[in-house]
Amino acid sequence: MTIRSVAHRGLRRFIERDDPSGLDPASVEKVRNMVSFLQEMKDPHELRGLPHWKAHQLSGNRKGTWSLTVSRNWRITFRIDGRTSEIYDLDVEDYH
């Protein structure tokens, strides 16, 4: 899938220029793997086959947002536009 928009400035710099300076050094390789997977993914159902990343959709006012576990408190979150098959609002956040 194409990534249409990235909310986190450090993550955007990482994706565009391979500059990890805005990310936790201990998580860089995992974030790289996650972003690569998302870019290669053809269908959102592929996320369900990733138990080690604890892929799930959020509920409540975050309904429709996907979450992948990076580390204890950090998550990669994003939304998927079903019409265009694009990922948008890609973010790295501590939401716990």
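The values are calculated or read from the model by the stated rules, or taken from the named source; none is laboratory data. Computed from a predicted model, the values in this text were never measured in an experiment. Here the Cβ is made from the backbone with ideal geometry for all residues, glycine too, and neighbour counts use every protein chain on show. Surface areas here come from the heavy atoms of the whole protein model, side chains and all, with no ligands, DNA or RNA. Shrake-Rupley method; radii C 1.70, N 1.55, O 1.52, S 1.80 Å.
Looking at ARG4, ARG12, which is the one that is in contact with a Gly (Cβ under 9 Å, 6 or more places away or on another chain) and at pLDDT 95 or above?
On inspection, the qualifying residue turns out to be ARG12.
Taking region 19-39 as the search range and keeping residues that are more than 12 Å from the chain's Cα centre (by Cα) and free of Cβ contacts under 8 Å to residues at least 24 places away in the same chain, which one is farthest from ARG4 (Cα to Cα)?
Among those that are more than 12 Å from the chain's Cα centre (by Cα) and free of Cβ contacts under 8 Å to residues at least 24 places away in the same chain, it is PRO25.
Every residue in region 27-50 that is of a type in the set (Ser, Thr, Tyr) and touching a strand residue (DSSP E or B) at 6+ places or on another chain (Cβ under 7 Å), please.
First, the residues of region 27-50 that are of a type in the set (Ser, Thr, Tyr): 27, 36.
Hit for region 27-50 is SER27, nothing else.
If I ask for residues that are of a type outside the set (Phe, Trp, Tyr), open to solvent by less than 60 Å² (accessible area, probe 1.4 Å) and assigned to a helix (DSSP H, G or I), which ones from region 1-30 would you list?
Hits for region 1-30 are GLY10, LEU11, ARG13, ILE15, PRO20, GLY22, SER27, VAL28.
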